[in-house]
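Data block below; observations after.
The values are calculated or read from the model by the stated rules, or taken from the named source; none is laboratory data. The structure displayed is predicted, hence computed values, not measured ones. Methodologically, a virtual Cβ is constructed for each residue, glycine included, from the backbone with ideal geometry; neighbour enumeration extends over all protein chains shown.
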Amino acid sequence: MPNTREDFEVSLETREPEMFRVLLHNDDYTSMDFVVEILMRIFHKNLEDAQMIMINIHEKGRAVCGVYSHEIAETKAEQVKQLAKQNEFPLLATIEKDD
């Protein structure tokens, strides 16, 4: 049997995944305590950071809660939606591409 040797040149290119910001939006009905709870539970913020983000949401209309890959950002936004609905709040979470 003949001995065959094949050389392959393989170029592997790795890229960082596109990242997305998850934002919470202010409304007139969702309690500040609930927003802080969401920030701690879903986004794993400590109490001080959660309170600071909640104030930013209240004063500026929205604030970034975290930056994640697309799948994780979508999951976190959906978790916010589900918990808000269960607690009868209209809290809105959106995602947008991070620059």
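Looking at I42, I72, which one is within 14 Å of L24 (Cα to Cα) and of a type in the set (V, I, T)?
Residue meeting the stated conditions: I42.
Take the conditions over 14 Å from the mean Cα position of the chain (by Cα), assigned to a helix (DSSP H, G or I), among the β-branched types (V, I, T) and at negative phi and apply them to V36. Does it pass? Even if it seems obvious, please write down each step before you answer.
On the way: over 14 Å from the mean Cα position of the chain (by Cα): yes; assigned to a helix (DSSP H, G or I): yes; among the β-branched types (V, I, T): yes; at negative phi: yes.
Yes, satisfied.
For the stretch 1-21, enumerate the residues that are of a type in the set (S, T, N, Q) and modelled with pLDDT under 80.
So in the stretch 1-21, the residues of a type in the set (S, T, N, Q) come out as 3-4, 11, 14.
Within the stretch 1-21, N3, T4, S11 meet the criteria.
Any chance you could count how many residues in the stretch 64-92 are crowded, with 20+ Cβ neighbours inside 10 Å and either farther than 20 Å from E18 by Cα or more than 13 Å from the chain's Cα centre (by Cα) (or both)? Lay out the reasoning, then the answer.
Filtering the stretch 64-92 for residues crowded, with 20+ Cβ neighbours inside 10 Å gives 65, 68, 73, 76-77, 80, 84, 91.
Filter once more, keeping what is either farther than 20 Å from E18 by Cα or more than 13 Å from the chain's Cα centre (by Cα) (or both): 80, 84, 91.
Counting residues in the stretch 64-92 that are crowded, with 20+ Cβ neighbours inside 10 Å and either farther than 20 Å from E18 by Cα or more than 13 Å from the chain's Cα centre (by Cα) (or both) gives 3.
What is the number of the single condition among (1) modelled with pLDDT of 95 or more; (2) surrounded by fewer than 16 Cβ atoms within 10 Å (Cβ to Cβ) that D99 does not meet?
Result: D99 passes all but (1).
Considering the stretch 48-63 alone, what residues qualify as being touching a Leu at 6+ places or on another chain (Cβ under 9 Å) and over 26 Å from E16 (Cα atoms)? Walk me through how you get there before you give the answer.
Taking the stretch 48-63 as the starting set, the residues that turn out to be touching a Leu at 6+ places or on another chain (Cβ under 9 Å) are 49-51, 53-54, 57, 62-63.
Scanning the stretch 48-63 gives D49, A50, Q51, I53, M54, I57, R62.
Quick check, is V22 surrounded by 12 or more Cβ atoms within 10 Å (Cβ to Cβ), touching a residue at least 40 places away in the same chain (Cβ under 8 Å), in contact with a strand residue (DSSP E or B) (Cβ under 9 Å, 6 or more places away or on another chain) and not in a helix (DSSP H, G or I)? Even if it seems obvious, please write down each step before you answer.
Numbers: surrounded by 12 or more Cβ atoms within 10 Å (Cβ to Cβ): yes; touching a residue at least 40 places away in the same chain (Cβ under 8 Å): yes; in contact with a strand residue (DSSP E or B) (Cβ under 9 Å, 6 or more places away or on another chain): yes; not in a helix (DSSP H, G or I): yes.
Answer is yes for this residue.
Give the stretch 61-99 a look and list any residue that's in contact (Cβ under 8 Å) with a residue 12 or more places away in the chain, in a helix (DSSP H, G or I) and basic (K, R), or say none.
Answer for the stretch 61-99, where residues must be in contact (Cβ under 8 Å) with a residue 12 or more places away in the chain, in a helix (DSSP H, G or I) and basic (K, R): K76, K81.
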